[in-house]
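**Q** Got a structure for you, questions after.
The values are calculated or read from the model by the stated rules, or taken from the named source; none is laboratory data. Everything quoted here is computed from the prediction, not taken from an experiment. A quick note on method: Cβ atoms are made from the backbone with ideal geometry, for glycine too, and the neighbour counts reach across all protein chains shown.
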Amino acid sequence: MHTRVFRFAPSPNGYLHLGHAYSVLLNDDMAREAGGRLLLRIEDIDAWRCRPEYEAGIYQDLGWLGLSWQEPVRRQSEHFDDYRAALAKLDAQGLIYPSFESRSELSALVAERDRLGRWPRDPDGVPLYPGRARKLSPAERERRRRAGEPFALRLAIDAAVARVGVLTWTETGMGPQGQTGLVTAAPQMWGDVVLARKEAPTSYHLAVVIDDAFQGVSDVVRGQDLFWATSIHRLLQALLGLPEPIYHHHRLILDSGGRKLSKSTQATGLRELRAAGATAADIRRMVGLGR
């Protein structure tokens with residue numbers, strides 16, 4: 001029987017808060033109950049927002065909570081070649097293409113389409129890609145790339161879905177509308193998602209499925225806000241021939257206004273709570289994990 005592998009994967013773009021504490025403690029509890037292992041991954045592909053002091057803070061906060069993890073820690077910024085190789089596989093299948101519109105141009109296109117009736121949004125509330133870059137000729141794409149124009153590499157969602165058909169995933173937690181058990185993926189709701197940019201060789205969606213596969217993660221335990229992102233992750237796993245983990249989406253820790261916690265929320269920051277005299281046991285009680 002294979003050992004089950006769990007992971008906690010924060011981004012070092014701010015200090016950890018109670019929401020992170022709940023997720024990592026739940027991962028650790030579930031790994032212990034399953035006789036499995038807990039991994040730590042640093043998701044630092046955003047070079048503009050990720051800082052060394054935040055990464056150091058992650059280790060300090062997790063150590064204070066009494067947690068340990070298997071070494072070495074995987075840092076995404078050290079594995080860009082893995083993501084480029086995955087993009088090359090998708091490119092060979094004819095499933096990715098560059099789009100050259102700027103953010104302001106995309107906003108104008110969405111506003112234009114909104115005047116005809118609200119343009120569809122993805123589960124995060126972001127408008128689906130409204131441009132026509134998929135129709136550019138290969139010669140025009142190459143000309144614009146050679147000219148140094150900024151671009152985003154997008155997944156041609158309709159062609160990708162047609163290639164793999166209907167996908168599902170096993171959900172042992174609960175989705176935002178109470179979904180559990182065998183869930184049918186709906187990747188079309190994301191439109192032609194960005195998988196990389198000229199200046200960044202991967203996106204969250206691509207990196208997370210590659211990392212989970214490389215690290216042998218069997219159980220993905222994360223917040224409900226990522227529930228529908230699993231549709232894109234399952235699609236990429238199928239296209240790239242990667243294994244399918246079990247997913248467990250947990251409740252979110254909310255602020256007094258009912259909003260998801262932010263890394264800028266000082267009152268729930270682990271550093272601030274520690275400085276105010278809280279203990280690791282206090283944190284467990286605050287997030288509803290008792291003992």
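**Q** Let me spell it out: the conditions are (1) of a type outside the set (Lys, Arg); (2) more than 30 Å from residue 4 (Cβ to Cβ); (3) at pLDDT 95 or above, and residue 73 meets all of them except one. Which number is the exception?
**A** (2)
**Q** I've got another one for you. Looking at the stretch 207-291, what helices (runs of 4 or more DSSP H) fall wholly within it and have at least 2 residues that are farther than 20 Å from residue 58 by Cα? Working first, answer last.
**A** On the way: elements: 229-240, 270-275, 280-286.
By residue number, 229-240.
**Q** Among the residues of the stretch 213-255, write down those that are acidic (Asp, Glu) and in contact with a His (Cβ under 8 Å, 6 or more places away or on another chain).
**A** 219, the sole residue that qualifies.
**Q** So, in the stretch 21-35, of the ones that are assigned to a helix (DSSP H, G or I) and of a type in the set (A, V, I, L, M, F, W, C), which residue ends up surrounded by the fewest Cβ atoms within 10 Å (Cβ to Cβ)?
**A** Of all residues in the stretch 21-35, those assigned to a helix (DSSP H, G or I) come to 21-33.
Pick out the ones that are also of a type in the set (A, V, I, L, M, F, W, C) and you get 21, 24-26, 30-31.
Numbers: 21: 26, 24: 25, 25: 21, 26: 22, 30: 18, 31: 22.
The qualifying residue surrounded by the fewest Cβ atoms within 10 Å (Cβ to Cβ) is 30.
**Q** Follow-up. Does the stretch 79-103 hold any residues that are touching an Asp or Glu at 6+ places or on another chain (Cβ under 9 Å) and over 23 Å from residue 191 (Cα atoms), and which are they?
**A** Hits for the stretch 79-103 are 79, 82.
**Q** What's the number of the only condition in (1) acidic (Asp, Glu); (2) surrounded by 15 or more Cβ atoms within 10 Å (Cβ to Cβ); (3) more than 30 Å from residue 280 (Cβ to Cβ) that residue 91 fails to meet?
**A** It fails just one condition, (2).
**Q** Separate question: Would you point out the residue of the stretch 167-215, among those that are touching a strand residue (DSSP E or B) at 6+ places or on another chain (Cβ under 8 Å) and of a type in the set (Gly, Ala, Ser), that is surrounded by the most Cβ atoms within 10 Å (Cβ to Cβ)?
**A** 196
**Q** While we're on this one: Taking the condition without any contact (Cβ under 8 Å) to a residue 40 or more places away in the chain, assigned to a helix (DSSP H, G or I) and of a type in the set (A, V, I, L, M), does residue 38 pass?
**A** Against the criterion (without any contact (Cβ under 8 Å) to a residue 40 or more places away in the chain, assigned to a helix (DSSP H, G or I) and of a type in the set (A, V, I, L, M)), residue 38 does not qualify.
**Q** Just for the stretch 23-61: of the residues that are among the acidic types (Asp, Glu) and more than 16 Å from the chain's Cα centre (by Cα), which one is farthest from residue 216 (Cα to Cα)?
**A** Among those residues, the one meeting the criterion is 53.
**Q** Right, another one. Can you say whether residue 135 is more than 13 Å from residue 191 (Cβ to Cβ) and surrounded by 13 or more Cβ atoms within 10 Å (Cβ to Cβ), as far as the supplied structure shows?
**A** No.
**Q** Confirm whether residue 168 is in contact with a helix residue (DSSP H, G or I) (Cβ under 8 Å, 6 or more places away or on another chain) and among the polar types (S, T, N, Q). Give the derivation first.
**A** Details: in contact with a helix residue (DSSP H, G or I) (Cβ under 8 Å, 6 or more places away or on another chain): yes; among the polar types (S, T, N, Q): yes.
Considered against the rule, which asks whether it is in contact with a helix residue (DSSP H, G or I) (Cβ under 8 Å, 6 or more places away or on another chain) and among the polar types (S, T, N, Q), residue 168 comes out as yes.
**Q** Then there is this: Mind checking which residues of the stretch 103-120 are loosely packed, with under 15 Cβ neighbours inside 10 Å, without any contact (Cβ under 8 Å) to a residue 12 or more places away in the chain and in a loop (DSSP other than H, G, I, E, B)?
**A** 115, 116, 117, 118
**Q** Any residue that is assigned by TED's automatic domain parsing to the domain that holds residue 189, in contact with a helix residue (DSSP H, G or I) (Cβ under 7 Å, 6 or more places away or on another chain) and assigned to a helix (DSSP H, G or I) - is there at least one of those in the stretch 125-143?
**A** No, because not a single residue in the stretch 125-143 is assigned by TED's automatic domain parsing to the domain that holds residue 189, in contact with a helix residue (DSSP H, G or I) (Cβ under 7 Å, 6 or more places away or on another chain) and assigned to a helix (DSSP H, G or I).
**Q** Examine the stretch 86-97 for a residue that is part of a helix (DSSP H, G or I) and either outside the structural domain of residue 228 (by TED's automatic domain parsing) or in contact with a Phe, Trp or Tyr (Cβ under 8 Å, 6 or more places away or on another chain) (or both), and state whether such a residue exists.
**A** no
**Q** Would it be correct to say that residue 270 is modelled with pLDDT under 95 and surrounded by 13 or more Cβ atoms within 10 Å (Cβ to Cβ)?
**A** So residue 270 fails the test.
**Q** Looking at the stretch 41-54, which of its residues are in contact (Cβ under 8 Å) with a residue 40 or more places away in the chain and buried (at least 18 other Cβ atoms within 10 Å of the Cβ)?
**A** Once the filter is applied, which keeps residues that are in contact (Cβ under 8 Å) with a residue 40 or more places away in the chain and buried (at least 18 other Cβ atoms within 10 Å of the Cβ), the stretch 41-54 yields 41, 43, 45, 54.
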